[in-house]
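Enquirer: Got a structure here, written out as structure tokens. Questions coming.
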Amino acid sequence: MARQDSPSPKGIGPIVSASHLADGGLPALSEMEFALVILSNAFQRWITRCTAAAGGEGLSSIEVQILHAVNHRERDKSQSELCMMFNIEDTHVVAYALKKLEAMGLVAPGRRGKEKTARITREGADLCLRYRALREKLLIESVASLGLDEARISEIAGLMRVMSGQYDQASRAAASY
């Protein structure tokens, strides 16, 4: 029997978590979504472990993000500002995080008119500095060794922010569908 040549191998296709979604239009979007899920989980694991190594054991990823946001530019932040900054719809998530950070002595309550705010404490700022030092040593040095173009990384970050608007718009449409 003569051997039949198999057709030339095709690429493996997009790397996705759900092939039925990639079979539709714009399969690259499914590939990006899967990469985003993987990156998001890795990022959340990283920030909680880096914070724990810096002395902030027991903080969730959202609590770590809120801590750094409150520390940002040494300006008090309101709950609504933090919700907007992180595109968090459930205000209770931010309220709980602020209460926990306050109980740990990392942020302190304040007021701006009638609005409650949070400001960083010395202990919170010190934790952020220790986190930054570990981030430089454990993450930045490693990522820098990849030789990635910083301008390209910023461009991708900009695209991700634009895409968040597309997902928000689609989610509003789905809510009334």
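Computed from the coordinates by the stated procedures, all read-outs in this text should not be read as laboratory data. Because the structure is predicted, anything quoted here is derived from the model rather than measured. FYI the Cβ positions are ideal-geometry reconstructions off the backbone, even for glycines, and counts take in every protein chain you see.
Enquirer: Can you find, within the range 44-75, the residue that is nearest to E102 (Cα to Cα) among those that are of a type in the set (D, E) and surrounded by fewer than 19 Cβ atoms within 10 Å (Cβ to Cβ)?
Expert: Pass one, the range 44-75, residues of a type in the set (D, E): 57, 63, 74.
Going one step further and asking which of them are surrounded by fewer than 19 Cβ atoms within 10 Å (Cβ to Cβ), we end up with 57, 74.
Working: E57: 15, E74: 16 Å.
Looking at the filtered set, the residue picked out is E57.
Enquirer: With L101, L39, L67, L106 as the choices, which residue is among the aliphatic types (A, V, I, L, M) and touching a residue at least 60 places away in the same chain (Cβ under 8 Å)?
Expert: Working: L101 fails: touching a residue at least 60 places away in the same chain (Cβ under 8 Å); L39 fails: touching a residue at least 60 places away in the same chain (Cβ under 8 Å); L106 fails: touching a residue at least 60 places away in the same chain (Cβ under 8 Å).
The conditions single out L67.
Enquirer: Just to check your reading of the model, which residue among L59, L36, L21, L67 is in a loop (DSSP other than H, G, I, E, B) and not charged (D, E, K, R)?
Expert: Working: L36 fails: in a loop (DSSP other than H, G, I, E, B); L21 fails: in a loop (DSSP other than H, G, I, E, B); L67 fails: in a loop (DSSP other than H, G, I, E, B).
One residue alone meets the criteria, L59.
Enquirer: Just to check your reading of the model, which residue among S80, S164, S142, S171 is in contact with a helix residue (DSSP H, G or I) (Cβ under 8 Å, 6 or more places away or on another chain) and exposed (fewer than 15 other Cβ atoms within 10 Å of the Cβ)? I'd like the intermediate steps shown before the answer.
Expert: Values: S164 fails: in contact with a helix residue (DSSP H, G or I) (Cβ under 8 Å, 6 or more places away or on another chain); S142 fails: in contact with a helix residue (DSSP H, G or I) (Cβ under 8 Å, 6 or more places away or on another chain); S171 fails: in contact with a helix residue (DSSP H, G or I) (Cβ under 8 Å, 6 or more places away or on another chain).
Answer to the check: S80.
Enquirer: In the range 83-94, how many are surrounded by 13 or more Cβ atoms within 10 Å (Cβ to Cβ) and either among the charged types (D, E, K, R) or under 13 Å from the mean Cα position of the chain (by Cα) (or both)? First the steps, then the outcome.
Expert: Residues of the range 83-94 that are surrounded by 13 or more Cβ atoms within 10 Å (Cβ to Cβ), as a first pass: 83, 85-86, 88, 93-94.
Keeping just the survivors that are either among the charged types (D, E, K, R) or under 13 Å from the mean Cα position of the chain (by Cα) (or both) gives 85-86, 88.
Total satisfying the criteria: 3.
Enquirer: Pick from the range 108-155 the residues that are of a type in the set (G, A, S) and assigned to a strand (DSSP E or B): which of them is farthest from E57 (Cα to Cα)?
Expert: Step one: filter the range 108-155 for residues of a type in the set (G, A, S), giving 108, 110, 113, 118, 124-125, 133, 142, 144-145, 147, 151, 154.
If we keep only those that are assigned to a strand (DSSP E or B) as well, we get 108, 110, 118.
Numbers: A108: 19, G110: 25, A118: 20 Å.
The selected residue is G110.
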